[in-house]
1. Against the condition surrounded by fewer than 21 Cβ atoms within 10 Å (Cβ to Cβ), out of contact with any Leu (no Cβ under 6 Å at 6 or more places or on another chain) and within 11 Å of chain C (Cβ to nearest Cβ), how does residue B:187 come out, does it pass?
2. Kindly check whether there is at least one residue in the stretch C:329-339 that is within 22 Å of the chain's Cα centre (by Cα), more than 13 Å from chain B (Cβ to nearest Cβ) and either not hydroxyl-bearing (Ser, Thr, Tyr) or not in a loop (DSSP other than H, G, I, E, B) (or both).
3. I'm told residue B:163 meets every condition in (1) in contact (Cβ under 8 Å) with a residue 12 or more places away in the chain; (2) touching a strand residue (DSSP E or B) at 6+ places or on another chain (Cβ under 8 Å); (3) away from chain C (no Cβ under 12 Å) except one. Can you identify the failing condition by its number?
4. For residue C:199, all conditions in the list (1) over 23 Å from residue B:240 (Cα atoms); (2) touching a residue at least 40 places away in the same chain (Cβ under 8 Å) hold save one; what is the number of the exception?
5. Could you tell me whether residue A:67 is of a type in the set (Lys, Arg), within 14 Å of chain C (Cβ to nearest Cβ) and over 19 Å from the mean Cα position of the chain (by Cα)?
6. Pairs under 8 Å by beta carbon, first residue free of Cβ contacts under 8 Å to residues at least 60 places away in the same chain in the stretch C:162-179, partner surrounded by fewer than 22 Cβ atoms within 10 Å (Cβ to Cβ) and assigned to a helix (DSSP H, G or I), six or more apart or different chains?
7. How many residues are farther than 13 Å from residue C:262 by Cβ and aromatic (Phe, Trp, Tyr) if we restrict to the stretch C:176-207?
8. Across the stretch A:70-99, what is the number of residues that are more than 10 Å from chain C (Cβ to nearest Cβ) and under 12 Å from residue C:12 (Cα atoms)?
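The values are calculated or read from the model by the stated rules, or taken from the named source; none is laboratory data. Please read these numbers as outputs of a predicted model, since none were measured by experiment. Note that each Cβ is placed from the backbone with ideal geometry, even for glycine, and that neighbours are counted across all protein chains shown.
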Amino acid sequence: MSQTQIENAADHEKAEAPLIVTRDLSVHYGAVQALNQISLNVSEHLVTAFIGPSGCGKSTLLRCFNRMNDLIDHVKTTGKVTIAGHDIYRSDIDVVQLRKKVGMVFQKSNPFPKSIRENIMYGLRLHGMRESNRLNEVVESSLRSAALWDEVKDRLDTNALTLSGGQQQRLCIARAIAIQPEILLMDEPASALDPVATAKIEELILTLKERYTIVIVTHNMQQATRISDKTAFFYLGALVEYGNTQAIFTNPKNRQTEDYVTGRFG
Amino acid sequence: MAFATAIILAFAAVILSNILWQGWEAFSWRFITSRADQNMFDSQQAGVLQMIAGTSARVVLMTIFVMPIGVITAIYLTEYARKDSLLTNLIQSAVNNLAGVPSIVFGLFGLGFFVNFIGGNLDLILRPEQAAPYWRNPALIWASLTLAVMTLPVVIVSTEEALKAIPPGLREASMALGATRLETVIRIVIPQALPGIMTGGVLAVGRAAGEVAPILFTGAAYYMSGYPSHLTDQFMDLGYHIFILSTQSPDIEGTRSILYATVITLLLLTFTLNLLTILMRARIRTKLRTFH
Amino acid sequence: MKENDSNPNWQSLANESGSSLIEKAMEKFVFLISLTTILFVLLIFVFIARESLPIFLGTVERSIVREPIPVNALTTTPPEELMAYLDLSADEFQSMEKETLELLLEVKLEELAQAPIGTDATIQTTRWRYLLLPFQWSGYDAPAFIWQPISQIRKYNIVPLLIGSLKTSLIALLFAVPIAIGAAIYVSQLAPMRIREWIKPMIEMMAGIPSVVLGFFALIVMATTLQETFGYQSRLNALVAGIALGLAVIPVIFSIAEDALTSVPQSFSHAALALGSSRWQTASSVVLPAALPGIFAAVVLGFGRAIGETMIVLMATGNASIVSWSLLDSTRTITATIAAELAETVFGGEHYRILFVLGTILFGVTFLANLVGDVVIHRLKRRLEGKIA
């Protein structure tokens, strides 16, 4: 298995510039192994989708890229993750800076129970922006980038929890891009939304891809085909197959991948 | 089963109606705004202003001592501690244990530790020349500290509850934006938990306001003229005054009316505080319901 | 990859920021503060045990009869002996003039001249034998348990106090347990939602009645009413105090039992209801057995609360230290004894230390009760969550 992984990885290393590189990455939660020896490259300015049945480790891998797994008790990470050449699990890495560069959007939209404006400003203030003109500029630009500006420009000071589910999720995206990350990690960002709101989020992802490198976890295979350039299929903590989305869905090399993408299990 | 419930409510009703019935005449604006100088057993003139002042002072001081320690401990337990480590369990069982210590034992502890040990050492260090003890006396500060130790578990448990009610997603969102744990605690967790933390504070005050046993040897005075003005002063106390009027009155029939009126004063104080916590909790609950 | 290395966007990653130092310092600070709870439990134990240690070790040596020291022997006696003889601390001894000491010796001589002569006066009354076992003091017909700390021969037998505490606590439990458990079953299983939302806060309010108010009510109202109704002898007795104590304990037992009953998963009772049992059958045959350990814990914790309660028993028992199991006799509890006598003791004296011994016993008993209660509840919760069999 790991032989194919390395071959896969080697193939793609030639083609595009890899931004995130993992080598033999394993994660244990206490006695439970969540990820087993993952080696893969994520390319810059592409949308990479992680698919697989629940509990296959796709979210765990995503959370390795901004070290959110560190927050869980008894988690043990071995192997290597480099982003832009930096080994992010080395002790001298500043996790705050890492998370500033690697933004994240969660499955359940989680705006702070503050005003829309305050939500966007939260990250900016954390990173030292104080000037109110600049702050307001960034509020506008990031809401525009998240395609939310027109809907909320007249009520920036109302509580973010009054927004609809889809709007809340786009606010979370705006909040993440306000601090100018390079990479956006999205953990099933549309799983709790209705089809219309989902379509808006997908549309947004396609426009954001010009500026950001996006890694998205999804259990919706149509979504993966619609928005991603590359797809990785995980099963029981292992990377089964990784390649161009087109190829994975039309011509999977692995039997398990085929069973999954054709809907036979999962 | 419904009968058992009815018995409880009947008892509560009998006690409260008896107190109100017998006490409402003597309970007046004059009563709660006049002092009891030289005449604390005089049913026509005595008031309870000193006792209200004393009880309020010890409760306010207690709040100042107990809140920071209680809230920080709860923050450690919910935000920082590993949930299954030995030390976390030890702290948790210490909290449980503290909650079960009888109030008279807190009184003994207050006398042995705060008055004699801390007070005695303060006298040695700050006033080595004087023979008469200054700090090593029952005092407002020692009573408040004793009560603070007693109410520590109340504050810790209710703050923990408030912190646990905050959706974990908010903490994740904050950390994912590059906030440190401390920044997350200060900017997200504490503001969100504030109503719950305040409820804990009011609960602690309600619990401490009526306690007599812990202050018997650590600061309550049988009688003193005027108000406590220093941390080392003793104080008169509503609950202790009820005890005195019930057991040491020279003329129990003659002082009955002021005894009842004092009971009403104390009940009014504790019930207001309790009602406040119940209302605050209900509000927080409905707020949480709408946000999830 | 080399290309990325030079990308300025990622340069900052490797710089350890200064804020992490504050972060670490604060984390340590928060951790240290949280240790204060452990510290206080230890301090409570240490400071109460410390004051009672001489009694436990039997090192208090002070019988009433001593070899008298004549006044003119003042200069020839070693200071240590004088200090012990006159009950003076080193500081006090230093600060006294010769004349004062002579005066004290004279007083002591007079005191000794008046001291009762006989076997009693030579007894070390703080020995365990005299604290726990009956003894026939001179003038008594039979061996007896006697607590009489203020008298010429100070008698510190704690058995009457233990009996007083147990008696009032047991009466309180007999009164409170059926009512509190019954109410808990009603509120958690049978009552309609609307009634439930009213009753729970009312019982919470009842828990908020200060114990001094319950003591006052027992002393002023209940004692008289009960005596007039039943016509027994002593107005203040174990029964009156026990009932008032029960009122204080009801909310404790109620809330723990109610919590245990509601933590039984709804699926249990729904299964029984689906099989056609009535609400009451379901409660008694399914929910109650499942929550039984929690109800046991409620009773144990209620006992801990009852035995540690002070003001009610101080005001309503009558405080006579009699050995009697009759409910209608006046009685004296451990807590009331501490509350009533500590203020009058000499700091560091034997009476003071005996009261701390009582405090240590009380701490131990409530510690055990709470430990048992908490362990039982913890196990019950884990079992209901399916974590252990």
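1. So residue B:187 fails the test.
2. Yes, the stretch C:329-339 has at least one match.
3. For residue B:163, the exception is condition (2).
4. Just one mismatch for residue C:199, condition (2).
5. In short, no.
6. Hits for this filter: C:178/B:4.
7. Qualifying residue count for the region: 1.
8. The number of residues fulfilling the criteria is 1.
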